[in-house]
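Below is one structure, written out as structure tokens; the observations come after it.
The values are calculated or read from the model by the stated rules, or taken from the named source; none is laboratory data. The structure displayed is predicted, hence computed values, not measured ones. No Cβ is skipped: glycine too gets one built from the backbone with ideal geometry, and neighbour counts run over all protein chains shown. Calculation scope for accessible area: heavy atoms of the full protein, side chains included, ligands and nucleic acids excluded. Shrake-Rupley method; radii C 1.70, N 1.55, O 1.52, S 1.80 Å.
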Amino acid sequence: MRTGEPLPAVGDVLAALATGLWHWNTATGLVTVDAEAARLLGLPARQASLTEAQVRARLHPVDWNEITGVIRLASAEGTLAEVRVRIMDPETEGRVIRVVRSRSKPSFDPARKSYELIGTLQEVTEPAPGTPAGRSAVTGDWRRSREAFLLDAGRALAEARSTEEVLRVAAGLSMPGFSPDGLAVFGVSGDRLTIIGHHGQQQSAEHPFMDMSLDTDYPAAEVIRTGRAVYLSSPEAYRSRYPLAWPLAERFHRHSWAYLPLTVAGRTMGAWLAAFAYPVAFTPDERSVLTTVARMLAQALSRAGAAETQRELTDGLQRSMLPMLGPEIPGVSLAARYVPTGGGLQVGGDWYDMIPLPRGRFALVIGDVQGHDVRAAGLMGQLRIALRAYASEGHRPDAVLARASRFLYGLAHSDEDPGDLRFATCLYVEVDPATGTAECARAGHLDPAVRLADGTVLFRDTAGGLPLGIDPDCDYPITRLTLEPGETLLMCTDGLVETGGHDLDSGWRRLRRVLEDHDGGMEQLADALVQAVHGPSSHHDTGPLADRREDDIALVLLCREGPGSACGEGGAAPLPPVRRTALSVAQAEPERIATARRHLRELLHDWASEDQKESAVLLLSEMLTNVLVHTDADALLVAEVTGAPGERRIRVEVSDTGDDLPHRRRPGEMASSGRGLMLIELLADEWGVAPRGEGKSIWFDLYESPAEEPAPVSA
């Protein structure tokens, strides 16, 4: 065998290839370069020994910072360190002389905590226009694109709120210079490997990997076991390193694979696979991008998983505490909603309930325990059980609330924290679906509202007492309402009224518009009420109190069915031309005269003549005042509007149990009373006094007049 020519010296070969040689020892801080390396750095072409500061002065400052990171990464993984560096002209600020590529093999001395590198330096050119992005050289422009990509990726992953959304964001990431066409995220369940999600494969492709042991010779399992990344730049590398797993990966026809650990707080929670349809060398730059994305992905998945666990826990807890409104009750339709909107822990003290009672009756309950935390939820559950127990014993609504108040008072005052006393508001309504009678007892809660069959909304004032749990001896008087066929009763917590920066007045006006304009079934009405408060439309209807805290929403709707009712799912049937309200005014409650005036105004909200409306309110005040002043009896008001718009009639009737009939008087000029019947005779279209079996009633009618024409403006 003949011996060939001797090989030339390494230095001569490198010089012929325009490649410089350099040596850097961080312990001494010196960098030795040969003549070609010195020339590439913009120095005279001769061997020299330079300090780190002299070398750093000739490099772009961003590139110098990147060199140190690449060296640490390559040393930790035992791979080559490769970087692109811009050589700067020290005499002309900002001018780049050339771009060079440096490749080196770093070694770390743990005793001295220093690095030693021997590497090469070679000039590279910027890629020509049209060079495929996946194969182009990695230059300063690529580096700047990478930084922008990482910022965008970090922001998108930080905004993801669920695991599904995180995976969707990860699948849409377009990495600069190289982008995987297949992604998979692996998790851990006990000692088994699971797939959290994947992209770029058929759904059936996950089955071989669904229940794989962590001891399996598979790259993702090894990454989870060791916490170190695995890079496979070719099918040959995959086949030689993982011969048992190669048949599973071969059918996907990929050419390169990167398996990276998903680590949070030092614990490997899973692995991320990025698979490429073309060969990727996995240079230090590319590995740096993949490692950074894997870290952000792990943080995003951890946040999403924690949020989903909390939502599942709190939603399950809330669902277990809130009842279904079945079974169906003949003669009525029911709908209810609960929406947590207060932020933080998505469980609170709002609740509703339906309690079956003997003889076909049932009770509707809605309430709100003070607070928005676990303790509020716990008290709510105990209070709900207590209310059901007292109602099932056969107590009337006032007795049910009185007993519940004593129960909550004792529960709160026996707590270990005497400074954290809680109370609860509550509205309890016992309903007889056969007659439409609703007996209400209220403990510091919002009054109910009634939507009449023609869409008119009346807010029904009900007698009430203090919130539950404040005074164990508080009384809760009963107010009786009667629902006519087609009328709907609304019960809600203050979150439905005040969410969105509203107070009680502006919040009720917002709900009134929804109630009056709606023409669908009960479920659609419940959705419309929630949407008006919690959906996008509320963003355009911000209330005057912009800094008001959001609160949970609970609501219950009850519609009495009957001829012409609009309770069904198919929309409103023809509406009956009757609009009615009733109210009692006791001798000890003269302030309820103002409530009666408000009810009458609401009943006549669309009356054509404003003068007639005010006349009706004036006459009503006279009639109620006459009962309270001249008798010892209570007054009962019944007002009814009949007929088609523009041709309607309102009849207002006030009854009492007194025996004395009213008489027309002729008061003197200075008299302070005695003009009631005179006013009725002047303003009413018709009126009369009718004796009853016990007592009497006085009534008047007004027939709707056209709206007043504005007076002409004289020239």
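Annotations
- Taken over region 263-274, the criterion of being buried (at least 23 other Cβ atoms within 10 Å of the Cβ) and either small (G, A, S) or farther than 15 Å from H198 by Cα (or both) is satisfied by G270, A271, A274.
- Exclusive hit being within 24 Å of G455 (Cα to Cα) and open to solvent by 10 Å² or more (accessible area, probe 1.4 Å), set R592, R649: R649
- Of note, R155 satisfies the criterion of being in a helix (DSSP H, G or I), within 32 Å of the chain's Cα centre (by Cα), at pLDDT 80 or above and surrounded by fewer than 14 Cβ atoms within 10 Å (Cβ to Cβ).
- Residue match in region 421-428 (condition: touching a His at 6+ places or on another chain (Cβ under 7 Å), modelled with pLDDT of 90 or more and more than 23 Å from S333 (Cα to Cα)): yes
- Of all residues in region 163-219, those satisfying the criterion of being of a type in the set (A, V, I, L, M), modelled with pLDDT under 85 and out of contact with any helix residue (DSSP H, G or I) (no Cβ under 7 Å at 6 or more places or on another chain) are L167, A171, A205, M210.
- Qualifying position, being at pLDDT 90 or above, among the small types (G, A, S) and in contact with a His (Cβ under 7 Å, 6 or more places away or on another chain), among S240, S234, S256: S234
- Residue in region 236-250 that is in contact with a strand residue (DSSP E or B) (Cβ under 6 Å, 6 or more places away or on another chain) and open to solvent by 40 Å² or more (accessible area, probe 1.4 Å) present: no
- Residue satisfying all of: in region 57-74; among the small types (G, A, S) and out of contact with any strand residue (DSSP E or B) (no Cβ under 7 Å at 6 or more places or on another chain); farthest from T292 (Cα to Cα) among these: A57
- Residues satisfying the stated conditions in region 39-74, i.e. more than 60 Å from the chain's Cα centre (by Cα), farther than 24 Å from S107 by Cβ and surrounded by 13 or more Cβ atoms within 10 Å (Cβ to Cβ): R39, L43, A45
- Which numbered condition E77 misses (of (1) farther than 15 Å from V289 by Cβ; (2) at pLDDT 70 or above): (1)
- Yes/no for E550 being more than 21 Å from V429 (Cα to Cα), modelled with pLDDT of 60 or more and surrounded by 16 or more Cβ atoms within 10 Å (Cβ to Cβ): yes
- So A608, is it open to solvent by less than 60 Å² (accessible area, probe 1.4 Å), among the hydrophobic types (A, V, I, L, M, F, W, C), part of a loop (DSSP other than H, G, I, E, B) and farther than 14 Å from F700 by Cβ: yes
- Candidates are the residues of region 502-524 that are in contact with an Asp or Glu (Cβ under 9 Å, 6 or more places away or on another chain) and outside any helix (DSSP H, G or I); the one that is nearest to D606 (Cα to Cα) is G520.
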